[in-house]
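The values are calculated or read from the model by the stated rules, or taken from the named source; none is laboratory data. In this text the structure is predicted, and so the values were computed from the model without any measurement. Note that each Cβ is placed from the backbone with ideal geometry, even for glycine, and that neighbours are counted across all protein chains shown.
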Amino acid sequence: MKKSVLFIVNIILVFAVIVVFIVQSATKTDIAKGFDGNYLNSSFLDNTGLVENPDALTTLIQQTAQKLKMNICIYSAGQRDRNRTDYNIKSFADTTYDETFGADTDGVFYYMDVSRKSPACDHISTSGKAILLYQNNIDNIFTRLDNYLPSSTETVTAEHIENAVKCFLSALEDYSTYEPNTFEYYYDSASGKYMFMKNGEFVVSRNKPPVYNMFFMLICLAIGAGIALITYFVIASNYKFKKSQNAVIYARNGNTVFRRKSDDFIRTYTTKRKIETDNSSRGGSSGGGSSSSSGGGHGGGSHHR
C-alpha cells in the first residue's frame, strides 16, 4: 500500500514539473532594448511658436536624459494640433516615440496640450523600464503640472510652457528611484505585451512573469499532496485485517498431507503490423504563426485640464 501511495505522489509531482516546464518553454521573453546612451536624441519640440529659445529647454531635457539614462521628448501642441481627439493624441505620442527612439526602449514622451483645445488633453507615454518606474505616479505628475499650466480657456504664454517643462523633468527625477518588485508587471493591451523585471533586467514578454508559473507549480504540488493523503486514508480505511494466526496450530501431527499442483497456461502472442497506404490526394496543412504588434508596448495616461 505504501508503494502505491508513493507511486501516486511521484506521478503528481512529475506532472506538475512537466506542466511548469511546458509553460516556461512556451514563454517568449525578450530583454528590452534599454537605453543606448545617446541622450542627444532627447529634445523639446515646440509647435506653438511661443518659446523664444527652445534649444535651452532641449539642453535641460538632454541633461536629465543623461542623468536618468532614458530617452525624453516633450512636445508642446499648438493651434495646428487643436483638432486631435484624445485617442489621436495617445496614438501620436506612442508612434512618435517609437519612430524617434525605437520600440521598447527606456523613455518617456510628454504631449503638452496648449493648443486651446477644450478640454485640453495632456498625455504621458512611457516605454521600456520607464513604464514600471512611473506608471503608479502618472496622476501625481499631472497634478504637479496643473500648477504651471493654464486651463484650456486661458491664454498660454512661453513662461507657462517653460515652467511646465522644468516641473516635468523634476518629477521624472523624483520618481526615478522607484524599484519594481518581483511580482509587479504591466500589461499593454494594445501590443499584448507584459513588462516586468527579471534578474535586474527589464523584460518584454507575451506571458506573465515566471514567478506566477512558480505559484502555479506550488498549487499543483499542494493539490497533489492533498490527493495523495486522501488516497492513503481511503485505502487504509477499506483494508483493515485482523492479525493472522500461525497455521501450524490448526494442523495435527501426522495428518498433514502435501500434494503438488501445477497450472499450465497457454500463452498466445499476437503480432500487429501497420498497413501503409499511399493517398496522393491527401492535402497537407501548415501551422499558422501568431501575429504581433510592430510597435512597442507603452504605458502612461492622459489628463484633462
Report task. Only one of these is among the β-branched types (Val, Ile, Thr) and touching a Leu at 6+ places or on another chain (Cβ under 8 Å): Ile124, Ile138, Ile161. Name it. Result -> Ile161
Query raised in the report: When segment 104-157 is examined, which residues are found to be more than 20 Å from Glu184 (Cβ to Cβ), modelled with pLDDT under 95 and of a type in the set (D, E, K, R)?
Result: Arg116, Lys117, Glu154
Query - Selection status of Ala164, at pLDDT 90 or above, crowded, with 17+ Cβ neighbours inside 10 Å, in contact with a Ser or Thr (Cβ under 9 Å, 6 or more places away or on another chain) and in a helix (DSSP H, G or I) - result: yes
Requested in this report: Would you check which residues across segment 83-108 are farther than 11 Å from Cys121 by Cβ and not in a helix (DSSP H, G or I) and list them?
Outcome: Asn83, Gly102, Ala103, Asp104, Thr105, Asp106, Gly107, Val108
Report task. From Gly49, Gly37, grab the single residue that is out of contact with any Leu (no Cβ under 9 Å at 6 or more places or on another chain), within 24 Å of Val204 (Cβ to Cβ), surrounded by fewer than 22 Cβ atoms within 10 Å (Cβ to Cβ) and small (Gly, Ala, Ser). Result -> Gly37
Query raised in the report: In this structure, does Leu60 turn out to be more than 19 Å from Val114 (Cα to Cα), part of a helix (DSSP H, G or I), touching a Lys or Arg at 6+ places or on another chain (Cβ under 8 Å) and at pLDDT 90 or above?
Result: yes
Query raised in the report: In segment 124-144, how many residues are buried (at least 21 other Cβ atoms within 10 Å of the Cβ) and not basic (Lys, Arg)?
Result: 11
